[in-house]
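The values are calculated or read from the model by the stated rules, or taken from the named source; none is laboratory data. In this text the structure is predicted, and so the values were computed from the model without any measurement. Reconstructed Cβ throughout: ideal geometry from the backbone, glycine too, with neighbour counts over all protein chains shown.
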Amino acid sequence: MFNSTTGPSLISSVINLNYVIHGKDDQEGDVEAKKDWGVSVVEEDGISAGLKEKMMKAVLAVDKVRLLATERRDDGFFHRFFINRMSTDDAKQQLCTESSQHVWHTDGNQTVDEQSLTCVYTLYGEELDSDSLSAYDAGGFLKLSNFDDGRYTPSCLGRANLPKPSSTITYYPRTNSFYIFPGYFVSHGLFKMKPGMVRYSIVMFVKLRDTLVEGVSPDVYLRREWAASNTENKKEVCCRCWSAFGTKAKLRSHQIRSKSCLAKKKV
């Protein structure tokens, strides 16, 4: 990622922005007077064009992003661009350890016009050495659905926003690194920081291209890739329910049993 030459100017650009507290009352037990969860944000109009261009070039260095992203190289490259600052020390209300700092969600919506790649650059404080600091040490780890279709199973009827552990996987972002995934259909939650730690996240929703990718729409391509990546040796994907199977015979058996999956989905 960014090195000792390019990193300091990026760090300065990110840290010195004018962050505004992100009021939240969408967690269980919230009340109107206690909405500060230690998250502040700078929206797109507060971020320089130079920083946005720098991050556009950085994500385009990733092969899959180049394959799937819109061909525009201007303000039309992003659906949305913002920066979060997270610090438990700044919060007026502490979270339960099993609750996510950002409520479990998908990004944007699933209409064709809003489908995007979620690209997140993570920076812990001013540390550029990716081998020295990660979410494992500092907090701010990410949990994602491990279901083929990107959804999850609630732990119980009364807590719909708390997934069963078996339906999620955990990722520990390193400082000065990207994580990239199809956040518009893959449910995910970001967990709180450890005391004394600060996490900056440059969050980019990159528009998908209008043209086909390997003969299918970018949406179908991403859903197939996600389903096939979740279970080892299950590469045959049903394009109706997005379940993955080990062989074409098993996929066909599934489609016969499920009438809703029998017809092929148009792409």
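Residues in the stretch 216-223: is at least one surrounded by fewer than 19 Cβ atoms within 10 Å (Cβ to Cβ) and not aliphatic (A, V, I, L, M)?
Looking only at the stretch 216-223, we keep the residues that are surrounded by fewer than 19 Cβ atoms within 10 Å (Cβ to Cβ), and these are 216-217, 219.
Going one step further and asking which of them are not aliphatic (A, V, I, L, M), we end up with 217, 219.
Yes, the conditions are met somewhere in the stretch 216-223.
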Original post:
Residues in the stretch 187-207: is at least one modelled with pLDDT under 95 and hydroxyl-bearing (Ser, Thr, Tyr)?
Top reply: yes
Original post:
For the stretch 93-119, which residues satisfy the criterion of being under 17 Å from residue 39 (Cβ atoms), surrounded by fewer than 19 Cβ atoms within 10 Å (Cβ to Cβ) and at pLDDT 70 or above?
Top reply: 103, 105
